[in-house]
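Read-outs: derived from the displayed coordinates by stated rules, not from any lab. In this text the structure is predicted, and so the values were computed from the model without any measurement. A quick note on method: Cβ atoms are made from the backbone with ideal geometry, for glycine too, and the neighbour counts reach across all protein chains shown.
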Amino acid sequence: MTSNEQNTDEKRNVSYTANEPLVNNSDLPNVVNSKVAKSYDFFRKGEFFEPTGSVSKAKIGAVIRVLESLGDLPSHIDVDKLFLPGVTRVVD
């Protein structure tokens, strides 16, 4: 294949030449900033981050039980061994 031949990304149905960038470098900061902002906004609105800095032992226990039931974790994990004493603020 020569550098002037047309390439096709079949997964995304995007055509480009071998010497042509997919994103113009002058647009890169805007593209990156836009994606970062959207990702951050998604995680903040979805309450994926604990705003108080505390970790709920009950919630972690519930997640562990679900993962154990799915076979994604071994049985009988001691929840207390997941936290760093003096570092992790545990509630419940």
(request) Taking H placed 1.01 Å from N in the peptide plane, check which residues at least 5 places from residue 90 or on another chain put their amide H under 5 Å from its amide H. (result) 55
(message) Suppose each label sits 7 Å from its Cα in the direction of the beta carbon; what would the residue 43-residue 78 distance come out to in nanometres?
(response) 3.1
(message) On a full-extension model of 0.36 nm per residue, what is the gain between residue 36 and residue 91, subtracting their alpha-carbon distance, rounded to one decimal in nm?
(response) 16.7 nm
